[in-house]
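Q: Mind looking over this structure? Questions follow.
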Amino acid sequence: MRMSIATLLVLAACTGDAPSSDRTCAGNLYDACQQEHDCMSGNCHNFITESFQVCSTACTPGNNQPCTPDGQNATCGSSGYCTPAAPNSCKLPHQ
């Protein structure tokens, strides 16, 4: 019985959606944005292929160093902007 309950708890934890963040986007790198004024970097970039729009920063294609502060997962794509794997977990202030 204990094993069944433990198994169900593990399965539930693995299949659930990630909790949404209550943090408001502050314009940090990879926070969601609607315009350049939403970003500290002044660059609100729409990554159409990835289906998100976030604050980004310019970079030289192939040089990922400016894209990975604090160990974040991002690359410098051919667009010349740092592309994160996913946006930061936050909501826009006007949502």
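Any read-out appearing in this document is the output of simple, stated calculations on the displayed coordinates, not a laboratory observation. Bear in mind the structure is a predicted one, so any value in this text is a computation, not a measurement. Glycine also receives a Cβ, built like all others from the backbone with ideal geometry; neighbour counts cover every protein chain displayed.
Q: Are any residues in region 42-53 outside any strand (DSSP E or B) and under 14 Å from Leu29 (Cβ atoms), and if so, which ones?
A: Within region 42-53, Gly42, Asn43 qualify.
Q: Go through region 54-88 and report how many residues are β-branched (Val, Ile, Thr) and outside any strand (DSSP E or B).
A: Total meeting the criteria: 3.
Q: Under 8 Å between Cβ atoms, at least 6 apart or on separate chains: pull out the pairs that start in region 29-47 with a residue that is farther than 9 Å from Thr57 by Cβ and without any contact (Cβ under 8 Å) to a residue 24 or more places away in the chain and end on any residue that is crowded, with 21+ Cβ neighbours inside 10 Å and among the β-branched types (Val, Ile, Thr).
A: Qualifying pairs under 8 Å: Cys44/Val54.
Q: Same structure, new question: Anything in region 54-93 that is without any contact (Cβ under 8 Å) to a residue 24 or more places away in the chain and either within 16 Å of Cys25 (Cα to Cα) or among the β-branched types (Val, Ile, Thr) (or both)? List them, or say none.
A: Of everything in region 54-93, those that are without any contact (Cβ under 8 Å) to a residue 24 or more places away in the chain and either within 16 Å of Cys25 (Cα to Cα) or among the β-branched types (Val, Ile, Thr) (or both) turn out to be Thr60, Thr68, Thr75.
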